[in-house]
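K.L.:
This structure is in C-alpha cells; I'll ask about it shortly.
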Amino acid sequence: MSAGDGAPVIEARDVVKRYVTEAETILALDGVSLAVEPGEFVAIMGPSGSGKSTLLNVLGLLDEPTEGAVYLDGEDTSTLTERERTSARKRTIGFIFQNFYLIPTLTAKENVEVPRLLDQDPETPARAAELLAKVGLGDRLDHTPGELSGGQKQRVAIARSLVNDPRVLLADEPTGNLDRQTGRDVLEQFEEIRTEGVAVIAVTHDAQVADYADRTITLVDGRVSADEPRVATTPTGSLGASGGAGSPEASGSSDAGEPGGTTGPSDDAGEEDDTSHGG
Ligand code: ADP
Ligand code: MG
C-alpha cells in the first residue's frame, strides 16, 4: 500500500451536486473529477462558497451526488444500499473538522473510543490509548476537552479519526482554529499518517497546508480550476516516492495566484452565507 502504485483509493467521477431550495437551485459542484492514491496528501483550496465542504461530504459518503459517483477502491458507491454505504464509510473514511466536535463530558481517551463503542471490542481502550500516545497525548488520556488546548483537542480528534484504521482521512479546515505553530504540529501528524499509506484530503484556506500537500486542487464555482503538484521546495516530503502525473517543475507558475484564497474576502470557513455562486 504505497503511494504511486497507480490505484486510487478514492475517486470522484463527474460529480455534480445541486441543492434545490424553494427560492433557487444551487449548483454546488459542477462536474468534479479527482482521484487520490494511498499515502497521497491533497489540499483543496478555493474561495468561500466554491463547493469545498460539499465535495468533502460527498467524498465521505455523508451526502450523495446529484450526478456522477464516488468510487472507493474502484467500487462505485452509488450502487450500494444505505446500510452498505454506512459500512463502507466506517471501514474506509476518517473525519476531522475545524471545531473538533469532541464530547465535553468525556475524557480524551473516551472521545477516541466513541466511533467504536457499538462494536464492544475489548481492544478499543488500549487502541485509543495507543493512538493518543502516537499523537503526543499519552499523558493526557484522562483529561476532558475543557482541560486541553486547541492543538491538543485537534490531536484528540485526529486520534479519534484513526480509531477504525481508515484508508482515507478527510479534514475540513483542520488548522482553521489553530495558531500557526500548532497548525504545523497538526500537519506533521498528517505527514506521519500518510507515510502509513493513508490518503489525506484537507480542505483549507491555510497556505501552510499546501506546503505539506503533494497536490493542491483549487475549486472555483464548483469546478476544479487547478490541480497542481507541490513545487519541490520543502525538505519535509519524500518527493521521489509519489510520482504522479505531473512533473513538479512543469507547474506551480501561472494559475496559482489567481483563484486561490490569497485575494479572497474571507479567511474563515462557513460564516459567509454567500449563496450567489453557481449560476
Ligand atoms: P465552501 O465549503 O467552499 O465554502 P460549500 O460547499 O459549503 O462551499 O457550499 C457551496 C455552495 O452550496 C454555496 O453556494 C452554498 O451556499 C451552497 N450550499 C451548501 N450547502 C447547502 C445546503 N445544504 N443547501 C443549500 N445550499 C447549500
Ligand atoms: Mg466550507
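The values are calculated or read from the model by the stated rules, or taken from the named source; none is laboratory data. Here the structure is a predicted model, which is why all the values come from computation and not from measurement. Cβ placement follows ideal geometry from the backbone for every residue including glycine, while neighbour counts extend to all protein chains displayed.
K.L.:
Which one of the conditions (1) of a type in the set (S, T, N, Q); (2) in contact with a strand residue (DSSP E or B) (Cβ under 7 Å, 6 or more places away or on another chain); (3) within 16 Å of ligand 2 (Cβ to nearest atom); (4) not in a loop (DSSP other than H, G, I, E, B) does residue 50 fail to meet, given that it meets all the rest?
P.N.:
Among (1) of a type in the set (S, T, N, Q); (2) in contact with a strand residue (DSSP E or B) (Cβ under 7 Å, 6 or more places away or on another chain); (3) within 16 Å of ligand 2 (Cβ to nearest atom); (4) not in a loop (DSSP other than H, G, I, E, B), residue 50 violates only (4).
K.L.:
Say we look at the stretch 54-73 and pick out the residues that are within 13 Å of residue 19 (Cα to Cα) and polar (S, T, N, Q); which of these is surrounded by the most Cβ atoms within 10 Å (Cβ to Cβ)?
P.N.:
Among those that are within 13 Å of residue 19 (Cα to Cα) and polar (S, T, N, Q), it is 54.
K.L.:
Can you run down the residue pairs with Cβ atoms below 6 Å, 6 or more apart or on separate chains, where the first is in the stretch 39-55 and in contact (Cβ under 8 Å) with a residue 60 or more places away in the chain and the partner is near ligand 2 (Cβ under 10 Å from one of its atoms) and acidic (Asp, Glu)?
P.N.:
Note: pairs meeting the criteria are 48/272; 53/172.
Residue-by-condition table, conditions (1) under 16 Å from residue 102 (Cβ atoms); (2) free of Cβ contacts under 8 Å to residues at least 60 places away in the same chain; (3) of a type outside the set (A, V, I, L, M, F, W, C):
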position	(1), (2), (3)
152	yes, yes, yes
166	no, no, yes
183	no, yes, yes
186	yes, yes, no
195	no, no, yes
199	no, no, no
206	no, yes, yes
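K.L.:
Please work out if residue 185 is away from ligand 2 (no atom under 16 Å from the Cβ) and of a type in the set (Asp, Glu).
P.N.:
yes
K.L.:
Please go through the stretch 167-206 and pick out each residue that is in contact with a helix residue (DSSP H, G or I) (Cβ under 7 Å, 6 or more places away or on another chain), farther than 21 Å from residue 152 by Cβ and more than 16 Å from ligand 1 (Cβ to nearest atom).
P.N.:
The answer is 167, 168.
Residue by residue, here is whether (1) within 26 Å of residue 157 (Cα to Cα); (2) within 13 Å of the chain's Cα centre (by Cα); (3) within 16 Å of ligand 2 (Cβ to nearest atom); (4) among the aromatic types (Phe, Trp, Tyr) holds:
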| position | (1), (2), (3), (4) |
| --- | --- |
| 10 | yes, yes, no, no |
| 20 | no, no, no, no |
| 35 | yes, no, no, no |
| 56 | yes, yes, yes, no |
| 60 | yes, yes, yes, no |
| 81 | no, no, no, no |
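K.L.:
When residue 166 is evaluated against the numbered criteria (1) modelled with pLDDT under 50; (2) more than 16 Å from ligand 2 (Cβ to nearest atom); (3) buried (at least 18 other Cβ atoms within 10 Å of the Cβ), which criterion, by number, is the only one it fails?
P.N.:
Here residue 166 meets the rest and fails (1).
K.L.:
Could you tell me whether the stretch 8-20 includes any residue that is farther than 22 Å from residue 78 by Cα and either outside any strand (DSSP E or B) or in contact with a Gly (Cβ under 8 Å, 6 or more places away or on another chain) (or both)?
P.N.:
There is no residue in the stretch 8-20 that is farther than 22 Å from residue 78 by Cα and either outside any strand (DSSP E or B) or in contact with a Gly (Cβ under 8 Å, 6 or more places away or on another chain) (or both).
K.L.:
Being assigned to a strand (DSSP E or B), more than 16 Å from ligand 1 (Cβ to nearest atom) and under 20 Å from residue 158 (Cβ atoms): is that true of residue 94 here? Quick ask: steps written out before the conclusion?
P.N.:
Working: assigned to a strand (DSSP E or B): yes; more than 16 Å from ligand 1 (Cβ to nearest atom): yes; under 20 Å from residue 158 (Cβ atoms): yes.
Answer is yes for this residue.
K.L.:
Exactly one of these conditions fails for residue 109: (1) within 21 Å of the chain's Cα centre (by Cα); (2) in a helix (DSSP H, G or I). Give me its number.
P.N.:
(1)
K.L.:
Taking the stretch 211-222 as the region of interest, how many residues are among the hydrophobic types (A, V, I, L, M, F, W, C) and crowded, with 23+ Cβ neighbours inside 10 Å?
P.N.:
2
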